[in-house]
Amino acid sequence: MGKVIAIANQKGGVGKTTSAINLAASLAATEHSTLLLDIDPQANCTSGIGLESEEIDASIYEVLIGEVPASEAVITTEMPFLDVIPSHINLVGAEIEMIDEMQREKILSNRLPRIRRKYDFVVVDCPPSLGLLTLNSLTAANSVLIPVQAEYFALEGLGQLLNTIKIVRQHLNPELEIEGVLLTMFDTRLRLSNQVAQEVRRYFGEKVFETIIQRNVRLSEAPSFGKPALLYEASSKGAKNYMALAREILEHNQEFLEQHHANGEDRTDDAGADEEDEAGAIDNESSESEESTTPADDFSL
Ligand SMILES: Nc1ncnc2c1ncn2[C@@H]1O[C@H](COP(=O)(O)OP(=O)(O)O)[C@@H](O)[C@H]1O
Ligand SMILES: [Mg+2]
């Protein structure tokens, strides 16, 4: 089973979509087969990777309502190790349609197991809310990556997100971990950025990635060309920062990857694999710090 990393923060504009696209592209660039899954009705991730809605036959919407299997919504990209399941504005309706379903928080996790075997990583771009779509993503995920903008009020609302993660762990997905907290849009010239970084590190301790994503105009330009920064301008600071993030994540997940590959699971080995997802298939508890005593530890994640 590939590792599912949900990129979540109910605040808009903190760098979720930018991180999803560029992390997925960077993991793919290191030849790890990666699926980028857009579950935000705004579909910024979908357009940012260069997909027009006319070229999309099936999106995550059709997958969630059970019209097509996840594999049929997959679209390949110009990067050999990167595939996408796109989103569509009609996903707004799915959230309402899902409300009456049994186990409505588990719909995504029930749809993913077959396809997860084909990938090393599935990166999920969540919407800016803690609604049913984000809950489904957290329930289907092994870990959550939390982008935090190095700006005023950076920590505002994070208690609510951590509480949601805690509830998901208690009731829906006991294995859910925090992959890391990612500082985004960091401006080295601003004292404020450094202050925010310090505050975030004080709160989250070792859960904060060493890699910091700097403010970089190439990262904001690239989506309008339908490309990850790596393909738009590989030498840009933004592309390099996300490459460094991918390396950091790969390092944290070495054990998982070894196990994953030992099980012979990759994109060439998908024949007839349709058992249910096994909780606990991924066990990388060693990547968590046990000794740190930051306020976030109250959530025992
Ligand atoms: N590191 C960065 N440097 C410059 N602009 C960025 C950076 N990260 C994100 N942006 C821009 O900030 C805006 C919000 O980012 P986005 O990734 O869409 O956030 P979210 O998905 O959380 O709403 C977008 O216009 C994006 O291009
Ligand atoms: Mg977004």
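The values are calculated or read from the model by the stated rules, or taken from the named source; none is laboratory data. Since this is a predicted model, take the numbers as computed values, not measurements. Don't worry about glycine lacking a Cβ; one is built from the backbone with ideal geometry, like all the others, and counts go over all protein chains shown.
Observations on the model:
- Scanning segment 161-211 for residues that are closer than 22 Å to Tyr242 by Cα, of a type in the set (Ser, Thr, Tyr) and more than 16 Å from ligand 2 (Cβ to nearest atom) turns up Thr188, Ser193, Thr211.
- So Ile165, is it surrounded by fewer than 20 Cβ atoms within 10 Å (Cβ to Cβ), touching a residue at least 40 places away in the same chain (Cβ under 8 Å) and within 16 Å of the chain's Cα centre (by Cα): no
- Condition met for Asn44 (within 15 Å of Ser143 (Cβ to Cβ), near ligand 1 (Cβ under 8 Å from one of its atoms) and at pLDDT 95 or above): no
- Test: residue in segment 63-75 that is acidic (Asp, Glu) and within 11 Å of ligand 1 (Cβ to nearest atom): no
- Tally of residues being within 12 Å of ligand 1 (Cβ to nearest atom) and over 10 Å from the mean Cα position of the chain (by Cα) across segment 1-38: 9
- Filtering segment 245-265 to residues that are closer than 20 Å to Ile178 by Cβ and either under 16 Å from the mean Cα position of the chain (by Cα) or free of Cβ contacts under 8 Å to residues at least 12 places away in the same chain (or both) leaves Leu245, Ala246, Arg247, Glu248, Ile249, Leu250, Glu251, His252, Asn253, Gln254.
- Candidate set from segment 117-146 (those that are within 16 Å of ligand 2 (Cβ to nearest atom) and surrounded by fewer than 24 Cβ atoms within 10 Å (Cβ to Cβ)); member that is farthest from Gly15 (Cα to Cα): Gly131
- Test: Thr18 is within 19 Å of Thr134 (Cα to Cα), in contact with a helix residue (DSSP H, G or I) (Cβ under 6 Å, 6 or more places away or on another chain), within 13 Å of ligand 2 (Cβ to nearest atom) and of a type in the set (Ser, Thr, Tyr): yes
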